[in-house]
Amino acid sequence: MKHNKIGTVLIVSVALSCIVITQQVIAKKSPSPAPTDSVQTTGTPGSPSATTTISGKQLPAVPQKFSGKIERNAAQSQAYWPARITPPKDAPNVLLIITDDVGYGTPSTFGGVVPTPTLDRVAANGLRYTNFHSTALCSPTRAALITGRNHHSAGFGIISEMATGFPGYNSIITRDKATIGRMLKDNGYRTSWFGKEHNTPSFQAYTCRFFHSAHPTAVTQAA
């Protein structure tokens, strides 16, 4: 989904060590942000093309009120479609990149031996965090990062292939552990996940993609 962007947010994380970089690039001076409670709407209310933003204070958003009319037959009834939720104007793109098996000793961005000029440029325009808690395993670190919770509370005390039927180790991210993808999607973003996806239960996945209906991360994966 293409927005009228004035900024791009880039988050780079390292799964098996401890690197998190956040970058905010502002292409032009941004206007004063609208109040959080300010709702932006487009289109005719009740029409299929109507859109609205939400405050984001409650996710998922409260169901919209039906303002149409239901009579005994269709001729006297009036349809009323709920407005499609979209991000607010000038909302930034959000890109989360996770890389495995690298640490501070690898990229030049953190004094490592491998030249990473693009990452250096990203970091030069943003912030460098050097106190990221890593679980030293792929799936658990990802689960902790995308949910903002302890990896055990997100069901990933171990990698998904070694999951067991016990709480904290069943490789199931329950719907009450909302991921960043879920939160963005509920705010109207279109989300996707490309590359390695190591947070799907093995019994819900196959070689092409995972079963989207059973997965709470609100992403579409292309491997």
query: Can you pick out the pairs among Lys65/Lys177; Lys57/Lys177; Lys69/Lys89 whose Cα atoms lie more than 21 Å from each other?
result: Lys65/Lys177; Lys69/Lys89
Simple spin-label estimate for Lys89 and Glu161 in nanometres, 7 Å along Cα-Cβ: 5.1
task: Quick one: which residues, 5 or more positions from Ile98 or on another chain, have an amide H under 5 Å from its amide H? H modelled 1.01 Å from N in the peptide plane, none for Pro or chain starts.
output: Ser13
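All of the numbers you see were taken from the coordinates with simple rules; none came from a lab. Keep in mind the model is a prediction, meaning the values are calculated, not measured. Note that we place each Cβ from the backbone using ideal geometry, even for glycine, and neighbour counts take in every protein chain shown.
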